[in-house]
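Read the structure below first, then the notes.
The values are calculated or read from the model by the stated rules, or taken from the named source; none is laboratory data. The shown structure was predicted, so the numbers you read here are calculated from the model rather than taken from an experiment. Here the Cβ is made from the backbone with ideal geometry for all residues, glycine too, and neighbour counts use every protein chain on show. Calculation scope for accessible area: heavy atoms of the full protein, side chains included, ligands and nucleic acids excluded. Shrake-Rupley method; radii C 1.70, N 1.55, O 1.52, S 1.80 Å.
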Amino acid sequence: MTVDQNTLRRRGVGLIAHDPERSYGGHTLYTPITSAGEIHLVDIEGRPVHTWTSPHPPGRQAQLLPGGTLFYAAKDTGGPTLFPIWDVYHGGILQELAPDSTVLREVRHPFHHHDASVLRNGNLVVTVVEPLDPADAARVRGGVPGSEAPGGVIYGDVVYELTWEGEEVWRWAAIEHLDPEEFPLDPHFAREHWPMANTVNESADGSLVVGFRSASTTVAVDRADGSVLWRIGPDVLAQQHHPHELASGNILVFDNGTYRDTTSVPYSRVLELDPRTGERVWSYEDNPPQNFYSPYMSSAQRLPNGNTFIAEGSFGRLFEVTPSGDVVWEFVVPQFRSFGEGVGLESSAGAQNSVFRAYRYSPDRFPWL
């Protein structure tokens, strides 16, 4: 018998475990990073429920909007390549899709990357890059020496609020509000992109939570004056993803832990933190901790019954845990595909089932099903 040479696929895909008495239930939405443009919805038994299709591959992910339509951050494959890994994590096309995949609205930005979300006022908030002035670039600390983008350029993160017509109505540049001395790059990361925003979303008070992977820092930004309301840094976090506010006001975040200073063993965890103090309110780790690890991407979502839905993104493993940390549902993304030759770094080689984020929704969020 021929042996499947893909390690993850050989271990098993689809529904792995389900405890219906303790699981929240619902439908799971995920977008394989290497997808050609397919966004998948499966039920609690792991059975396909619906698929959206786009002519554009994902920039990162898709999520459900309140009316049952889909917000899709797609990749503009015709845009400029700023540096090698840019082709992996840039987006550029932001769409609202109907259930039949019809594009209802679309806006484009050539320098969009990683994250975008829809604000309560209906506008979009997006992360983009702009080249830093050489004097500002010289202030950036850390990173791999000599690893700037071609021409010695360092791209800095900027957050835009955009209308669906593409009008910029608000702008926040990291270099104007963060001191590079206080937000150095981890020494393992390239200096081409500072401080590498991978998350932006709105809190109840209208402020924005912004996460910076390469600086292992999450901040809240006051939209009135751009000031930083609070900061959780590398003394707590390590290359984190998807920090966002819970109803309690605490922050839920996937802490990847690739280069955590306090241990030689990389492992991931999910943290619920008091944003004002950085103190841990709740956490999930595996036992032993290295059994749960995603070096990049990933997300966590608090469910209405108190469980937490987690995407161990690098390996396409989606699972649900109780407050006490028991796994009550597990599913491994079965769609494997390659990015193609010459894209990004070594982590982009070969067929993979990785996801940037995944979401769990109650079935009543899909009235058209």
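Listing for the model above:
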item	result
Subset of region 161-200 that is free of Cβ contacts under 8 Å to residues at least 40 places away in the same chain, of a type outside the set (A, V, I, L, M) and not in a loop (DSSP other than H, G, I, E, B) - its residue that is surrounded by the fewest Cβ atoms within 10 Å (Cβ to Cβ)	168
Index of the failed condition, residue 50 passing every other in (1) at pLDDT below 95; (2) open to solvent by less than 50 Å² (accessible area, probe 1.4 Å); (3) over 21 Å from the mean Cα position of the chain (by Cα)	(1)
Unmet requirement for residue 231, which otherwise passes all of (1) within 25 Å of residue 171 (Cα to Cα); (2) part of a loop (DSSP other than H, G, I, E, B)	(2)
Residue 214 over 25 Å from residue 119 (Cβ atoms) and of a type outside the set (A, V, I, L, M, F, W, C)	yes
Subset of region 53-68 (residues that are open to solvent by less than 40 Å² (accessible area, probe 1.4 Å), of a type in the set (Gly, Ala, Ser) and closer than 18 Å to residue 119 by Cβ)	62
Among residues of region 70-100, those that are of a type outside the set (S, T, N, Q), farther than 17 Å from residue 115 by Cα and open to solvent by 40 Å² or more (accessible area, probe 1.4 Å), counted	4
Residue list for region 266-306, restricted to those being free of Cβ contacts under 8 Å to residues at least 24 places away in the same chain and among the β-branched types (Val, Ile, Thr)	277
Failed item, numbered, when residue 263 is tested on (1) free of Cβ contacts under 8 Å to residues at least 24 places away in the same chain; (2) more than 27 Å from residue 183 (Cβ to Cβ); (3) among the β-branched types (Val, Ile, Thr)	(2)
Residue 3 vs. criteria modelled with pLDDT of 95 or more, part of a loop (DSSP other than H, G, I, E, B) and among the aliphatic types (A, V, I, L, M)	yes
Residue in region 109-127 that is over 22 Å from residue 213 (Cα atoms), of a type in the set (Gly, Ala, Ser) and surrounded by fewer than 18 Cβ atoms within 10 Å (Cβ to Cβ) present	yes
Residues of region 239-267 satisfying the condition of being modelled with pLDDT under 95 and either closer than 22 Å to residue 190 by Cβ or buried (at least 23 other Cβ atoms within 10 Å of the Cβ) (or both)	261
Matching residues, region 1-40, being closer than 17 Å to residue 307 by Cβ, among the charged types (D, E, K, R) and touching a strand residue (DSSP E or B) at 6+ places or on another chain (Cβ under 7 Å)	19, 22
Filtered residues of region 28-40 (kept if surrounded by fewer than 20 Cβ atoms within 10 Å (Cβ to Cβ) and not in a loop (DSSP other than H, G, I, E, B))	38
Residue among 151, 146 that alone is open to solvent by 20 Å² or more (accessible area, probe 1.4 Å) and either part of a loop (DSSP other than H, G, I, E, B) or acidic (Asp, Glu) (or both)	146
Strands (runs of 3 or more DSSP E) contained in region 268-369 and holding at least 2 residues buried (at least 17 other Cβ atoms within 10 Å of the Cβ)	269-273, 299-302, 308-312, 317-321, 327-332, 355-361
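Residues checked against (1) under 20 Å from the mean Cα position of the chain (by Cα); (2) of a type in the set (A, V, I, L, M); (3) closer than 18 Å to residue 61 by Cβ; (4) modelled with pLDDT of 95 or more:
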| residue | (1), (2), (3), (4) |
| --- | --- |
| 84 | yes, no, no, no |
| 88 | yes, yes, yes, no |
| 91 | yes, no, yes, yes |
| 94 | yes, yes, yes, yes |
| 101 | no, no, yes, yes |
| 106 | no, no, yes, yes |
| 110 | yes, no, no, yes |
| 118 | yes, yes, yes, yes |
| 122 | no, no, no, yes |
